[in-house]
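The values are calculated or read from the model by the stated rules, or taken from the named source; none is laboratory data. What you are looking at is a predicted structure, and each value in this text was computed from that prediction instead of being measured. When we count neighbours, we look across all protein chains shown, and the Cβ atoms used for this are built from the backbone with ideal geometry, even at glycine. Ligands, DNA and RNA are stripped out before the accessible areas are found, and what is left, the full protein with its side chains, is counted by its heavy atoms. Shrake-Rupley method; radii C 1.70, N 1.55, O 1.52, S 1.80 Å.
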Amino acid sequence: MSIALFRIDDRLIHGQVVVGWGQPLHVGFIVLVDDAVRASPWEQDLYRMGVPSDVEVVFASTEEALERLPEWEKDPRVGILLAGDIGTLVALSANSHQVKRINLGGIHHRPGRSQRLRYVYLSDAEVEELRRLAARGVEITAQDVPTARAVPLQEFA
Amino acid sequence: MSEATRGVIVSHAAVAEALLAAVAAITGVSDALVAVSNDGCDSGALAERLARAIGDKPAILFVDLPGGSCLTSAVRLAKGKTDVAVITGVNLAMLLDFVFHRDLSPAEAARRAADAGTRAIRTPAA
């Protein structure tokens, strides 16, 4: 198997990821790519608390993720790679052809963003970033949980 | 304790609201608890909601799950504060105990409430 889901979700590891996606995908590992969490042992403990003991959690900086992505793609277990912002996935996909699909799972309101879907708020600059990724062949959809419809980028941005 | 400890229920969807209503229906106490949902929040926005709910009072954050966005925001907010405690796995039994022990410190009231909540989980023969 490999990374089954590349997800952008500003709540990082939480119920929708661990239970909503993790259970039906029979996930064996979750990679959280976040420079701040990578540098914070107590936050890592906190995120680990919500994950079953048989699921490995890997904390990586963006730089480490770029290096280790081929290794995770070869892992026999099913994995989820998770980042809290669009920029991280832009960086990963710019340097790897392995990111073919990106799932927008939760990008919430902040100043400068406007609502696109119930759980997706984007600034104009973020829309442009996503469109550039799509133009390079990356399939981008919004889908909070597996039972919801995967909404294509062009329908909301 | 000079000031009564406040309870803040932190949950997904409307669980917190429903628990608050149940506590009020059973005890008649309606000013001990505040409900906060994580609906539509990233961790920063949820932390802001929690900060508003606590105000400057001593508080216990009763969180629904032992992991995830509610817990993450609650622990971030409580970190370094001696007058804010966090409990996970909130249930009605622990809240019922808490509303009658608000004169205790958050740490003591949290220990009591956790015991009461744990004792309420049983598998009686049907």
For a bin width of 5 Å, list the pair-distance distribution of the range A:1-99 built from all Cα-Cα distances, rounded to whole %.
3, 14, 27, 27, 21, 8, 1
At the level of C-alpha centres, the distance separating the range B:1-42 and the range A:66-135, in angstrom, is 35 Å
Shielding by other protein chains, A:41-50, mean Cβ within 10 Å
4
For the full complex of protein chains and a 1.4 angstrom probe, list B:88, A:141, B:72, A:147 by accessible area with the highest value first.
A:147, B:88, A:141, B:72
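Taking only protein heavy atoms into account and a 1.4 Å probe, give the accessible area per residue of the range B:32-91 in Å².
Roughly 37 Å² per residue, with all protein chains present.
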At 1.4 Å probe size, with the rest of the protein present, what percent of the exposed accessible area of chain A is carbon and sulfur atoms?
51 percent
Which residues' amide hydrogens lie under 5 Å from the amide hydrogen of residue B:60, considering only partners 5 or more residues apart or on another chain, with H built in the peptide plane?
B:6, B:7, B:8, B:85
Charges on Cβ only, +1 for Lys and Arg, -1 for Asp and Glu, centred on the Cα centroid of the range A:116-157; of A:120, A:140, A:130, which one is farthest towards the dipole's positive end?
A:140
Among beta bridges assigned by DSSP with both residues in chain A, the antiparallel ones amount in percent, to the nearest 5, to 15 percent
Drop in accessible area of at least 10 Å² in the complex versus isolated chain, residues of the range A:1-21, 1.4 Å probe:
A:10, A:11, A:13, A:14, A:15
For the range B:36-48, in residue order, the Karplus 3J(HN,Hα) values (coefficients 6.51, -1.76, 1.60; θ = phi - 60°; whole Hz; Gly and Pro = x) are 10, 9, 8, 3, x, 10, 8, 5, x, 5, 5, 4, 5
What is the mean number of Cβ atoms from other protein chains located within 10 Å of the Cβ atom of each residue in peptide B:64-76, rounded to a whole number?
6
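Excluding residue A:156 itself, what net charge comes from residues whose Cβ is under 11 Å from its Cβ, given Lys and Arg +1 and Asp and Glu -1?
With Lys, Arg at +1 and Asp, Glu at -1, the neighbours total +1.
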Probe 1.4 Å, all protein chains in place: accessible area of residue A:42 in Å², nearest 10?
90 Å²
Set of aspartates and glutamates with alpha-carbon distance to residue B:79 below 19 Å, sequence-local pairs under 8 removed
A:43, A:45, B:42, B:48, B:56, B:64, B:108
For chain B, state the average projected area of the convex hull of the C-alpha atoms over all orientations, rounded to one decimal in nm².
7.9 nm²
The protein assembly as shown: Rg to Rh, with Rh as the Kirkwood radius over Cα pairs
1.02
